[in-house]
1. For the range 424-537, what does the relative contact order come out to in percent, with C-alpha contacts under 8 Å and a separation of six or more?
2. Counting other Cβ atoms within 10 Å of each Cβ, which trypsin sites (Lys or Arg not before Pro) in the range 348-397 have at most 16 and sit in a DSSP loop?
3. Amide H neighbours of residue 282 under 5 Å, counting only residues 5+ apart in sequence or on other chains, H built in-plane at 1.01 Å?
4. What distance in nm separates the two pseudo spin-label positions at residue 310 and residue 56, each 7 Å out from Cα along the beta-carbon direction?
5. Taking 30 Å as R0, compute the FRET efficiency from the Cβ-Cβ separation of residue 437 and residue 478 and round it to 0.05.
6. Using θ = phi - 60° and the Karplus relation 6.51 cos²θ - 1.76 cosθ + 1.60, list the HN-Hα couplings for the range 425-436 in order, rounded to whole Hz, with x at every Gly or Pro.
7. Once you place label points 7 Å from the Cα toward the Cβ at residue 22 and residue 426, how far apart are they in nm?
8. Stretch residue 510-residue 540 to full length: gain in nm at 0.36 nm per residue minus the Cα-Cα span?
Amino acid sequence: GKLGRYPPWPGKIVNPPKDLKKPRGKKCFFVKFFGTEDHAWIKVEQLKPYHPHKEEMIKINKGKRFQQAVDAVEEFLRKTKGKDQASSHNSNEEKNRRNSSEERGKPSAGEEKRKASLSEGKLKKGTGEGKKRVSSVSSERGSKSPLKRAQDQSPRKRGRPPKDEKDLTIPESSTVKRVMTGTVAGFKWPPSVSEPVKDSDPHFHHFLLSQTEKPAVCYQAITKKLKVCEEETGSTSIQAADSTAVNGSITPTDKKIGFLGLGLMGSGIVSNLLKMGHTVTVWNRTAEKCDLFIQEGARLGRTPAEVVSTCDITFACVSDPKAAKDLVLGPSGVLQGIRPGKCYVDMSTVDADTVTELAQVIVSRGGRFLEAPVSGNQQLSNDGMLVILAAGDRGLYEDCSSCFQAMGKTSFFLGEVGNAAKMMLIVNMVQGSFMATIAEGLTLAQVTGQSQQTLLDILNQGQLASIFLDQKCQNILQGNFKPDFYLKYIQKDLRLAIALGDSVNHPTPMAAAANEVYKRAKALDQSDNDMSAVYRAYIH
């Protein structure tokens, strides 16, 4: 379904068709799913070994097709058992691993060559399991095929191309041993809807912007409790250490967390921090919004200064530059609670000048500062599936690891303060402009006698198909503009993005045009509706 979640499913790694290019980004394998005709590129961290998780998988899936798939796996294993016992390895280490209960590691060069010549239906030797960076609930939506799911799940990695599959060796973890055997296929492991704890296969990734060479985003472990294993693989890889329990659930930081601002985004973030076991003190300008979180176990802070004084790391998520400045510099504000070692993380979407000013005053008092605006909406915030763009104090970014894991699916560290603000404005500029174009198309269809539903159906079958497109069109078709992302805030972001362009004399004509439409919608009293209410600016 369009908003479905996908159960774990058994599959085997096979050779892809010669004319099918491997997707750019994280290392992945071409997987054939048992019991279906589906194939897909699946990233290594989405695979689990079959035997250790077989019973768990069977409990989750009761369907007839799934049972047929399991039967197919067992048949496949019976047929290949003899062949695998006859396989030879070049090194003594590999021979020893062959004799152990769980076979691990990289096939020999000779075996790799032999396997490469096998037909697509044969199992390709190699590793099929990624290192657990951190666990988080998968929320794959909108995809209609496994191939599409595999290609669309995470932002692309730029820079160094991934090495060939034969070069991928995954070191063992003392807490989570998850490299699959040569004969055993992995299976996709997105969780069921009901899982309250993020103990599924890893979907949370940290990215680090390298600014020493040509800008490139590369995967690195950005937490002290994760080990970066370079010496064993020749490339940076992420291995679960003691930050992740055996079942994959997040180990919350023991630092006291403060949170200021319980709006559409902040509410979902705090809820997820509490669910993952963090100690959280909350404050909101209108105090009654705190009541629900007090019931969930949060503590109440009377002022921003008090929250900062009593907590180790304080997050804030407010509406705009003025609110962000007032929160820090105003009476009983954040700055009054800052002492050497206190940490402040501003998650508001503001301009680079504002965040740079705030960083300076925080650091001048001996505090540590990180900007961490988030890309997403209320639903993604509630689901703990935000994308976090961070910049500033790298050590503080590491200290926030469990918090970011609780609230998001991905985080990027972008270097110096101001970079995240700029990137966030660009992202929202693109999103806001696209939303205005969607509204323009739907209204043009209507006035020219075309079916708006048919237009949506056509778009959903084409290359523009996305969760965003479908949800926003559905809002418009149903006349439901309950805010998921306030229209007034996307207009603010467009305004700030245009100003960013002005500051470097770069033209932003598309954003400028979209901004005018949103301003018209605001004049029509749509500020507190969802951004999709920009549609009403086009209605004569």
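The values are calculated or read from the model by the stated rules, or taken from the named source; none is laboratory data. Every value quoted in this text rests on a predicted model; they were computed, and no experiment measured them. Neighbour counts run over all protein chains shown; Cβ positions are idealised from the backbone, glycine included. SASA here: full protein model, heavy atoms, side chains in, ligands and nucleic acids out. Shrake-Rupley method; radii C 1.70, N 1.55, O 1.52, S 1.80 Å.
1. The normalised contact order for the range 424-537 reaches 39 percent.
2. In loop regions of the range 348-397 (DSSP not H, G, I, E or B), the sparsely surrounded trypsin sites (Lys or Arg not before Pro) are 365.
3. HN-HN under 5 Å from residue 282: 259, 299, 300, 301.
4. Taking the two extended label points, one gets 3.8 nm.
5. Once the sixth-power term is evaluated, E becomes 0.95.
6. Once rounded to whole Hz, the list reads 5, 5, 4, 6, 4, 5, 5, x, 5, 5, 4, 5.
7. So the two model labels end up 2.8 nm from each other.
8. Working: separation 30, 0.36 × 30 = 10.80 nm, distance 2.21 nm.
Going from the current span to full extension adds 8.6 nm.
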